[in-house]
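Let me begin by presenting the structure, written as structure tokens, before commenting on it.
Each reported figure results from applying straightforward, stated rules to the coordinates on display, with no laboratory input. As the structure is a computational prediction, the values presented were derived from the model and not from experiment. Cβ atoms come from the backbone with ideal geometry, glycine included; neighbour counts cover every protein chain shown.
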Amino acid sequence: DGRATQWSGASVGSWACTPGGWNSPKLRPTTETFLVLEGEGCVTDADGMAHPFGAGDVVVLPKHWCGRWDITLQIHKLWVVHDHPDVAGAADGVVRAVVAPLPGFEPQVQRPPIVKGALHEAPANVAQTIYDVGATRVGFLSCSPGSFVIAERSKAECFFVANGVFFLTNLD
């Protein structure tokens, strides 16, 4: 299954698949988010709404999603699976997949400006959320060079670095 690591409530890894298709009729017990590194495919919700995806797209399959997978060009993806409690009302009706392109792959998206002196000042950033239900939030952050302090988080965070380099350090 390509699992790389697992911790309380989440697993991460990578997966590759050759062309083909299959029904996925069981309701997902978890929420899966993945970044498509290469290839093309489509996930289709239970009512037939199709969500095509390709390299550079982020896909969210929410808890209780079911439908169909079709891989048209061999894919390779990085995935995070989040096991979390049910969210009241989130599974009412058809649970929809979400597909969004990485903002950095879209030429019309403006990147944040470089901030002079940002090594010790808050750098500029642009953020976009594509999914926010219960304990799961998925989005993008593009940040100019710089350093800043992050407040202690009450929840764990997991992210893919699509471009650039960064360092995490302790306050001490």
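Please compute the contact order of region 3-102 in relative form: average sequence separation of alpha-carbon pairs under 8 Å and at least six residues apart, divided by the residue count, as a percent. Relative contact order comes out at 37 percent. Counting only Cβ charges, +1 for Lys and Arg and -1 for Asp and Glu, the dipole size of region 3-102 around its Cα centre is about 200 debye. Relative to one another, the C-alpha centroids of region 125-172 and region 9-41 are positioned 23 Å apart. Each of 21, 84, 66 was scored by the projection of its Cα onto the charge dipole of region 3-102, and the greatest displacement toward the positive side belongs to 84; charges sit on the C-beta of Lys, Arg, Asp and Glu.
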